[in-house]
Amino acid sequence: MKWWGWGSPDIEVSPSPRFLRHLEEKLGPAPMGSPRPPVRQPPRLRPARPVSLPCPTAHDDATRLIYSGGRSYLDLIRLRSGGTIDGVDAVAFPDSAADIAALLASDNVALVPFGGGTSVVGGVSPLRGRHDAVVALDMSGLGRIVEIDTTAMSVTAEAGVFGPRLETAVRQQGLTLGHFPQSFEYSTLGGWIATRSAGQESTRYGRIDELVASVSAITPAGRIDAGRVPASATGPEIRELLVGSEGVFGVITEATLRLHPIAAARRYRSYLFPSFTQGIEACRQMLQSSLRPAVLRLSDETETQLSFEIAGTPQLAQRALRFTGRRPGAHLLLAFDGSEAAAARSVVRKLHGLPLGSSPGRHWERDRFRHPYLRDALIDLGYLIDTFETAAPWSRIQPLYEALKKAPSGIVACHLSHAYSDGASLYFTVIDKARPGEEAEQWHAFKARVTDTIVTHGGTLSHHHAIGTDHKRWLADERGELALSLLRTIKGELDPHGIMNPGKLL
Ligand SMILES: Cc1cc2nc3c(=O)[nH]c(=O)nc-3n(C[C@H](O)[C@H](O)[C@H](O)COP(=O)(O)OP(=O)(O)OC[C@H]3O[C@@H](n4cnc5c(N)ncnc54)[C@H](O)[C@@H]3O)c2cc1C
């Protein structure tokens, strides 16, 4: 992973001239002028505090830098600042659950479990809490596939396994996890569970919390193995405490996940609605008539236009729009792994969706893991580019969407995805001109505006990115003080010295 941005250092994605012109029309000239490769000057790290750990450990600055932040806009601004920044004091490389237990026996070093480091909410920020030093705990040494049970259709794997390796192993048995977050190539099983992540196909295959059958974790107070059977009535489910725990209770070491048969065929369909509102209604009707597309992604008018500027307007769309005299409206992308395409078509037709065939869906699938690379190029040009997401019942989606469209300045694009019978998630991308040298202050003001709006309009602080440091100050608004105090009491029991990921979640 690049230290300054997303993904492989060998891949750079440049914005098309058409897209750049569009940004210039909407926002004025790019703050840093024309696109050219920027000088990459790594920041200096403050001197490391000495630590001695019972497993292989790296202390050099190049390694420390890689583990000193996640991949949020704020992380990237800090890493690209060229100044002097805080970093982890060392990186530990455990190879087994026993190594982790030995690391957790220390009581004066803060430990940050580090999967792929793709957190976008400050989940792996190098915070010491009240301790002398902070160490990132690289999970990649625990990357083994333990068992694929084709009878139960489940896989047991260690938590440090990365998405592609896990999916490839189960595919060889004709099965799939169906869990494809956009960060799939660089994120891990443990990270997915610790953040309650949702893949792009969650509408059919479920979020990670629905896929997890059992979890094992090592906490400073001891080991927990939670959930061994498909379902149980033995009181409150401890597994649920570990799912979404963001490394603050302990380290997830292993999990068993439910699998699905690979579908015989996938059918992509896409439609253009006159408005986002009509598209939302079509999605609601589909979900409430028990249709479960693998992919359901409805872009609002702004995101539809942006995606046409980035990738070109599909030919069928050009013809359909010329023929009907309509404006582009809202683009709905659907993928069906079952035989539901015809039933969906009848819902869509009633709400005036124009069919665009299967090619937009096939292009989306081809490029779906490349889009995050574009963010680096836009930051190079001096744009603030960030995303935020929430979820709400269908009855509150429209007012929440309208309020959030107005909350930040700049281009505010949205899509609805991860849909349920009772509601859906809204995912926003914001592009604005950054104020050079004041990017962090600008971002904090933006974050406060959008998060206050989410809270006021009854959305959740996060549908799948988690809490980390960025959403922490609003958590009591959503959960209530008693629930938070309960979670803090549990943390006190499992992590009495507060060494686990200080400053995150609670
Ligand atoms: C470009 C991009 C696209 C993204 N797309 C999606 C998406 O589609 N869906 C989605 O849900 N998220 C998405 N994310 C967010 C992020 O990828 C997810 O939160 C992911 O689950 C993090 O996994 P990771 O292995 O990188 O975890 P990390 O970033 O390393 O860690 C995340 C949190 O989990 C904790 N943690 C990690 N491993 C363990 C463990 N073994 N035990 C205990 N705690 C642990 C960390 O301490 C931290 O608090 C995206 C992020 C980026 C940058």
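The values are calculated or read from the model by the stated rules, or taken from the named source; none is laboratory data. Keep in mind it's a predicted model, so treat the numbers as computed, not measured. Using ideal geometry, Cβ is built from the backbone for each residue, glycine included, and neighbour counts are taken over all protein chains shown.
Points worth noting:
- Complete set of residues in segment 246-260 that are over 15 Å from E158 (Cβ atoms) and within 6 Å of the ligand (Cβ to nearest atom): E246, G247
- Single residue of segment 69-109 satisfying the filter (out of contact with any strand residue (DSSP E or B) (no Cβ under 7 Å at 6 or more places or on another chain) and among the polar types (S, T, N, Q)) that is surrounded by the most Cβ atoms within 10 Å (Cβ to Cβ): S72
- Considering F180, F162, the condition of being surrounded by 22 or more Cβ atoms within 10 Å (Cβ to Cβ), within 11 Å of the ligand (Cβ to nearest atom) and among the aromatic types (F, W, Y) is satisfied by F180 alone.
- Any hit, segment 175-193, residues being out of contact with any helix residue (DSSP H, G or I) (no Cβ under 7 Å at 6 or more places or on another chain), touching a residue at least 24 places away in the same chain (Cβ under 8 Å) and under 13 Å from L259 (Cβ atoms): yes
- Within segment 215-233, restricting attention to residues that are surrounded by fewer than 18 Cβ atoms within 10 Å (Cβ to Cβ) and at pLDDT below 95, the residue that is nearest to the ligand (Cβ to nearest atom) is R228.
- So A152, is it within 22 Å of the chain's Cα centre (by Cα) and either within 16 Å of the ligand (Cβ to nearest atom) or more than 28 Å from H463 (Cβ to Cβ) (or both): no
- For segment 34-48, the criterion of being of a type in the set (A, V, I, L, M), closer than 29 Å to A97 by Cα and assigned to a loop (DSSP other than H, G, I, E, B) is met by at least one residue.
- Segment 41-97, subset among the hydroxyl-bearing types (S, T, Y) and away from the ligand (no atom under 16 Å from the Cβ), residue farthest from the chain's Cα centre (by Cα): S52
- Qualifying residue in segment 454-472 (condition: among the acidic types (D, E) and free of Cβ contacts under 8 Å to residues at least 60 places away in the same chain): no
- Close Cβ contacts (under 7 Å, 6 or more residues apart or on different chains) running from residues in segment 379-402 that are over 30 Å from S14 (Cα atoms) to residues that are in a helix (DSSP H, G or I) comprise A392/L400; W394/R284; I397/I280; Q398/T277; Q398/I280.
- All positions within segment 234-262 that are surrounded by fewer than 17 Cβ atoms within 10 Å (Cβ to Cβ), over 17 Å from A198 (Cα atoms) and acidic (D, E): E237
- Identity of the residue in segment 124-141, farther than 13 Å from C55 by Cβ and touching a strand residue (DSSP E or B) at 6+ places or on another chain (Cβ under 6 Å), that ends up surrounded by the most Cβ atoms within 10 Å (Cβ to Cβ): V124
- Here L306 clears all of (1) over 26 Å from the mean Cα position of the chain (by Cα); (2) of a type in the set (A, V, I, L, M, F, W, C); (3) at pLDDT 90 or above except the condition numbered (1).
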